[in-house]
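Novice: Got a structure here, written out as structure tokens. Questions coming.
The values are calculated or read from the model by the stated rules, or taken from the named source; none is laboratory data. This is a predicted model, so every value here is computed, not measured. Cβ: placed from backbone, ideal geometry, glycine included. Neighbour counts: every protein chain shown.
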Protein chains: 2
Amino acid sequence: MADRRWWDAGVMEPKVSIITLGCPDVAALRRFYVEGLGWTPVMEVPGEVCFIQVGGGVALALWRAEALAEDSGAPVGEPGSSAVALAHNVDSGDEVVDVLARAEAAGATVLKPAGPIFFGGIQGYFADPAGFRWEVAWNPGWFVAPDGSVSLAGPPE
Amino acid sequence: MADRRWWDAGVMEPKVSIITLGCPDVAALRRFYVEGLGWTPVMEVPGEVCFIQVGGGVALALWRAEALAEDSGAPVGEPGSSAVALAHNVDSGDEVVDVLARAEAAGATVLKPAGPIFFGGIQGYFADPAGFRWEVAWNPGWFVAPDGSVSLAGPPE
């Protein structure tokens, strides 16, 4: 175990290792992330599955939707109606505008252009070619320490 | 920017900051993760949103489904039909069995009990009380280096 604290306490460590997106066409979605956005797979089986690192200890997996449904024993719906959003936080409003433009140029659909958001900062959304929604946001309170710890109230005093 | 390589290349950094789960009842889902699994929020607004760290630079957010739909400008479906799975990797088959039992005791529904899986190792699935699917897996190839780099082919030689 990475951390005995959770294990010894009899609970589950708060940890996501892989975010799997079940998509109808792995090759098409791979083109968007790998060729369009320039992301590098850490492992892949063409047309079947593609893993890309997206955080400390965290990978994104593009997998066939049918395989995910069969493997998990529960059907999956359309990517676009998934009750999930992946947020990509940046450091300024200008970066939000620019990242949305880069994603759109790579084949994404902008769901919501960059604009001010209720928590302060600037935010927009895009959908990848399969329909999975991504938020691109500059949240002034978001802070990641060198050890990967996250905060929504800025750096520690 | 955390990393100028991506920015200067004109692409989007491969990074997920937040995994947002849009759920009908934030308080109920919070009870599962915080009281049931023992996870600690890094920030929350009761009944509205709850953030929990789940990786290096990565947080899980439990948010009202209606708010997610309104914010992103696109409707969301039932959590259980989301074409997404979150994987929680552990270091042995016994740990898979134990984590599934701990999740079930906290209020999850086991979708698939622990068993051998095609890539080698042991795997099972549960659904959280809202219906979001989690895989619990021991994958002998999964390796996370001290700097957070992930591999699916074991530790580097």
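Novice: Is it the case that the range A:117-139 has a residue that's more than 18 Å from the chain's Cα centre (by Cα), crowded, with 18+ Cβ neighbours inside 10 Å and of a type in the set (Ser, Thr, Tyr)?
Specialist: no
Novice: Taking the condition facing another protein chain (nearest Cβ under 10 Å), of a type in the set (D, E, K, R) and either part of a strand (DSSP E or B) or surrounded by fewer than 21 Cβ atoms within 10 Å (Cβ to Cβ) (or both), does B:Asp147 pass?
Specialist: Details: facing another protein chain (nearest Cβ under 10 Å): yes; of a type in the set (D, E, K, R): yes; either part of a strand (DSSP E or B) or surrounded by fewer than 21 Cβ atoms within 10 Å (Cβ to Cβ) (or both): yes.
Yes; evaluated as a whole, the condition is true for this residue.
Novice: From B:Phe126, B:Phe51, which residue is closer than 24 Å to A:Leu62 by Cβ and aromatic (Phe, Trp, Tyr)? Let's see the steps before the verdict.
Specialist: On the way: B:Phe51 fails: closer than 24 Å to A:Leu62 by Cβ.
Sole residue among the options that is closer than 24 Å to A:Leu62 by Cβ and aromatic (Phe, Trp, Tyr): B:Phe126.
Novice: Going by the structure shown, is B:Pro46 at negative phi, of a type outside the set (Val, Ile, Thr) and touching a helix residue (DSSP H, G or I) at 6+ places or on another chain (Cβ under 6 Å)?
Specialist: Values: at negative phi: yes; of a type outside the set (Val, Ile, Thr): yes; touching a helix residue (DSSP H, G or I) at 6+ places or on another chain (Cβ under 6 Å): no.
So B:Pro46 does not fit the description; no.
Novice: If you don't mind, there's one more thing I want to ask. Tell me, which residue of the range A:35-44 that is of a type outside the set (D, E, K, R) and within 22 Å of A:Val16 (Cα to Cα) is farthest from the other protein chains (Cβ to nearest Cβ)? Walk me through it before giving the result.
Specialist: Keep residues of the range A:35-44 that are of a type outside the set (D, E, K, R), which gives A:36-43.
Then drop every residue that is not within 22 Å of A:Val16 (Cα to Cα), which leaves A:39-43.
Values: A:Trp39: 4, A:Thr40: 7, A:Pro41: 10, A:Val42: 6, A:Met43: 4 Å.
Filtering first and then ranking leaves A:Pro41.
Novice: OK, next. Can you tell me which residues in the range B:13-29 are among the charged types (D, E, K, R) and facing chain A (nearest Cβ under 8 Å)? I'd like the intermediate steps shown before the answer.
Specialist: As a first pass, look at the range B:13-29 and keep what is among the charged types (D, E, K, R): B:13, B:15, B:25.
Within the range B:13-29, B:Glu13, B:Lys15 qualify.
Novice: Next question. Return the only residue of B:Gly10, B:Gly38 being at positive phi and surrounded by 15 or more Cβ atoms within 10 Å (Cβ to Cβ). Break it down stepwise before answering.
Specialist: Working: B:Gly10 fails: surrounded by 15 or more Cβ atoms within 10 Å (Cβ to Cβ).
Of the residues listed, the single one that is at positive phi and surrounded by 15 or more Cβ atoms within 10 Å (Cβ to Cβ) is B:Gly38.
Novice: Pairs needed: first member in the range A:141-157, in the same structural domain as A:Gln123 (by TED's automatic domain parsing); second member anywhere, loosely packed, with under 10 Cβ neighbours inside 10 Å; C-beta distance under 6 Å; at least 6 residues apart or different chains.
Specialist: Here the result reads A:Phe143/A:Pro155, each pair linking the range A:141-157 to a residue that is loosely packed, with under 10 Cβ neighbours inside 10 Å.
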